[in-house]
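Reading through the structure tokens given below for one structure.
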Amino acid sequence: MSIAVSTNNNIFLLSTDSTSYAFGIDDRGLVRHLYWGKKIASADELEIPELTEVSTNDPVFEITPEEYPVHGGLRYKESCLKAAFADGTRELVYSFCSYDIENGDGYEELILHLRDERYEFFIDLHYKLYPDYDLMERSAEIKNQSEEPVMIEKFYSAQLHIPYDGLNFSNVHGHWGAEQQRFVQKVSYGKITIENRRGISSHNHNPYFVLDRDAAETTGEVFFGALRMSGNFSGVVEQTPYGETLVQMGLNPHDCLLELAPGQSLVSPAVICGYSDSGFETMSHNLHRFALERVMRKGLRPVLYNSWEATEFNVNSRDQIKLAEQAGELGAELFVLDDGWFGERHSTQNGLGDWYVNEGKFPNGLEELIDAVKAQGMMFGIWVEPEMVNPKSRLYQEHPDWIYHYETRVTDTSRVQYVLNVTKPEVREFIYDMLDNLLTRYDIDYIKWDANRPISQTGPQRDIWYKHIMTVYEVVTELKKKHPDVLFEACASGGGRIDYGILGIFDDFWTSDNTDAFDRLYIQDAYSRIHPIKGMRAWVTDCPNFLSGRVIPLTFRFHSAMMGSLGIGCNILKFTEEEKELSKEMIRQYKEIRPIIQEGVFYRLDNPSPNPYFLYEYLKDDSGVIFAFLPQSKVGHRGTRVRLRGLDSQALYTLRLKDGDITKSGGYLMNRGIDLKLNGDYASAVIKFEKSS
Ligand code: GLA
């Protein structure tokens, strides 16, 4: 039982295998947070403290930790919910009514029912426990059962309380071509806000929080949560003057107003949260395992070839067939035709929205290419950007009113395109039908769904920030019902939609348009903290890299991309014989270790060397792989020591080193470790190992 209620029925203790979370209902019906941390045994040991104010300027609502503070009364800190009733009242006054415990899929869920004192307005707080993952999913549902609409000005999913100040907050910052740049900052007085206001989730920040007390990879306390939202989100971290740190996450209230019509209800995106007293590694492991086992589509991801960097818009059947044949020969399992195959799409300037096959480029139809791909035994994938339209397109000429716009203003273009108002039923239908027809007519196994610009000129509706992304989720979910075997890749100008909202609806992420193998090491490391390895698409591309101008050996480029779901984006028609042979061998090796990479346990290993080694381990059952990278050495004569993790200390493991196998005990490998020295610029190694007894 993960949910325990105290004998006098007012304290709830929610437990996972090693953590506990508790709150109580006080005599006013307020839901008051009591505890979050390491596991404790009994709800009866917890008490609800008396509410006392510090002074008349520090009212009790400010001091007491509430599970879901609403806007109203003497509350001045961030609230989770702000509503305006039809009569002009802009205050919520809730109290607890009752609770239910549900157990639909084998995991218990507690639902607290709160109601407004005066209006037929209800708030349900959901707490779903995943004991074996040490995770809890929190969300809120609001219901308007009055006769009048209620306007929702702010709707967050949860408030979480951490009983310390002076924490470290970490997240990622970035932009196109430089996503997932990890940063850590000290939390002090005042607030930290992370958010996106552009309509997508993750170029600039990522919808999660990680707060630690000077934790390291395997030590220290970490409190974390990931929000299931791929549109505008925000998260606020606030160290209060009363000795605790608050975190809230949910829909970004910026420019957002949601109408809840009579009889309507609305569920917030969930936050998947957890606590670790053994550092960031436990956080990553719990989230990764949860994502793999409970969120993502099962099965290994195919080795992909994507022709974008090779041909850009210059696509035609003949060249794509040549690329497909070569990709097949190298060992790719999926060929993806990127932008440029449709309408009059010859550059970013035109054609977007006209989803018919360009006859000039494909005189014998798309079937010719698909047949050639299938003849190689490969799957076929195709790029679409369904939410967008170029001004120069048939679609826009026919439906100028389908885009977000104001009648009296010029609509901004970005990448020479407008955003379609997908919340209009006719636009949504158009998108669904277009994709349904494409998937019905052609033998397509994979859709790369892109979104290359922010939303602007949203029109009078201030709910589109929420409704737009919900429509995207719904369309893909519906398409998958009809075409259950098709895989969907979430791309938004590179890594603009990497989050737990899209995960599960889509099947993998395009991590970044930055395909430089060295830059990728940072991007991948930061990505791995929260998101599962299987979802991380990584390509080997040509050098000099189009973005960094850097030249990196092919082996290092492969090794870097082999850390996730491998893809190749080179112009393979220009490969030398040597490059072809090397690529074949690398792809062969990847396939061998793929289950360990995509479904194993991932470790960010310590590097004790003054040289900047990047060291990682993947472990699945009795087999493992070590990845080591040394982009450049600073102290020429120094190697590093690789200490593995997660092994059985009594068992023996055989490591396949370049100079021959060695067999050592798990205890030796985890404590003493092996010495490793890489030489030269952009040196890398992949070392396989397995348990030998
Ligand atoms: C975006 C994507 C790229 C590619 C281009 C095509 O930038 O991130 O991978 O698909 O669009 O226009």
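For the reader, a short list of remarks on this structure follows.
- Neighbour counts of C-beta atoms inside 10 Å place PHE546, PHE342 in the sequence PHE546, PHE342, starting with the fewest.
- Each residue of segment 153-158 is assigned a 3J(HN,Hα), and the resulting list reads 8, 8, 9, 9, 8, 6 Hz, derived from the Karplus form 6.51 cos²θ - 1.76 cosθ + 1.60 (θ = phi - 60°), x at Gly and Pro.
- GluC sites (Glu not before Pro) within segment 221-324: DSSP coil, no more than 12 neighbouring Cβ in 10 Å: none
- Debye-formula intensities of segment 329-436, expressed as log10 I(q)/I(0) at q = 0.13 Å⁻¹, are -0.56 (one equal scatterer per alpha-carbon, no solvent).
- Charged neighbours of GLU367, selected by a Cβ distance under 13 Å, balance to -2 (K, R count +1; D, E count -1).
- Local electrostatic count at GLY263 - Lys and Arg +1, Asp and Glu -1, tallied over other residues with Cβ under 15 Å: -4
- From most to least packed by mean Cβ count within 10 Å, the peptides 154-166, 186-198 give 154-166, 186-198.
- Stokes-Einstein D (µm²/s) once Rh is taken as the Kirkwood radius of segment 578-651 over alpha-carbon pairs, at 20 °C in 1.002 mPa s: 152
- Cα convex hull of segment 216-314, projected area averaged across orientations, nm²: 13.0
- In segment 1-148, Rg over Rh equals 0.98, where Rg is the alpha-carbon radius of gyration and Rh the Kirkwood radius from pairwise Cα distances.
- Three-way shape label, segment 448-530, alpha-carbon gyration tensor, a/c 1.5: oblate
- Segment 391-421: trypsin sites (Lys or Arg not before Pro) falling in loop per DSSP and having at most 12 other Cβ within 10 Å: ARG409
- Long-range HN-HN contacts of MET379 with modeled amide H, under 5 Å: LEU334, PHE335
- Shape analysis of segment 3-295 yields a ratio of the Cα radius of gyration to the Kirkwood radius, Rg/Rh, of 0.94.
- Amide H contacts under 5 Å for TYR653, placed H, 5+ residues apart: LYS664, SER665, GLY666, SER692
- Karplus-derived HN-Hα couplings along segment 625-630 (A = 6.51, B = -1.76, C = 1.60, θ = phi - 60°), whole Hz, x at Gly and Pro: 9, 10, 10, 10, 10, 9
- Order of THR219, THR458 under a 10 Å beta carbon neighbour criterion, fewest first: THR219, THR458
- The fraction of all Cα pairs in segment 304-598 landing in successive 10 Å bins from 0 to the largest distance is 6, 28, 35, 23, 7, 1, 0, given as whole percents.
- Proportion of all alpha-carbon pairs of the chain beyond 48 Å (%): 20
- For the residue pairs LYS82/LYS448; LYS448/LYS482; LYS374/LYS481, the C-alpha atoms sit more than 26 angstrom apart in LYS82/LYS448.
- The amide H of ARG462, built 1.01 Å from its N in the peptide plane, has LEU257 as neighbours under 5 Å, considering only residues 5 or more places off or on other chains.
- Values of log10 I(q)/I(0) for segment 603-691 across q = 0.12, 0.14, 0.16, 0.23 Å⁻¹ run -0.33, -0.45, -0.58, -1.14, by the Debye formula with one identical scatterer at each alpha carbon and no solvent.
- Charge tally for GLY639 (other residues, Cβ to Cβ under 15 Å; Lys, Arg +1; Asp, Glu -1): +4.
- GLN632-TYR522 FRET efficiency (beta carbon distance; Förster radius 22 Å; 0.05 resolution): 0.95
- Sorted largest first, extent of segment 1-67 alpha carbons per principal axis (Å): 42, 23, 16
- In sequence order, calculated HN-Hα J values of segment 554-564 (Karplus, 6.51, -1.76, 1.60; Hz; x Gly/Pro): 4, 4, 4, 4, 5, 4, 4, 6, 6, 6, x
- Residue-averaged 222 nm ellipticity for the chain, from DSSP H runs of 4+ at -39500 (n - 2.57), nearest 500: -6000 deg cm²/dmol
- Between ASN316 and ASN103, the simple label model (points 7 Å from Cα in the Cβ direction) yields a spacing of 6.6 nm.
- Between ASN671 and ASN8, the C-beta separation translates, for a Förster distance of 56 Å, into a calculated FRET efficiency of about 0.65.
Values in this text are rule-based calculations from the coordinates and carry no lab data. Keep in mind it's a predicted model, so treat the numbers as computed, not measured. Reconstructed Cβ throughout: ideal geometry from the backbone, glycine too, with neighbour counts over all protein chains shown.
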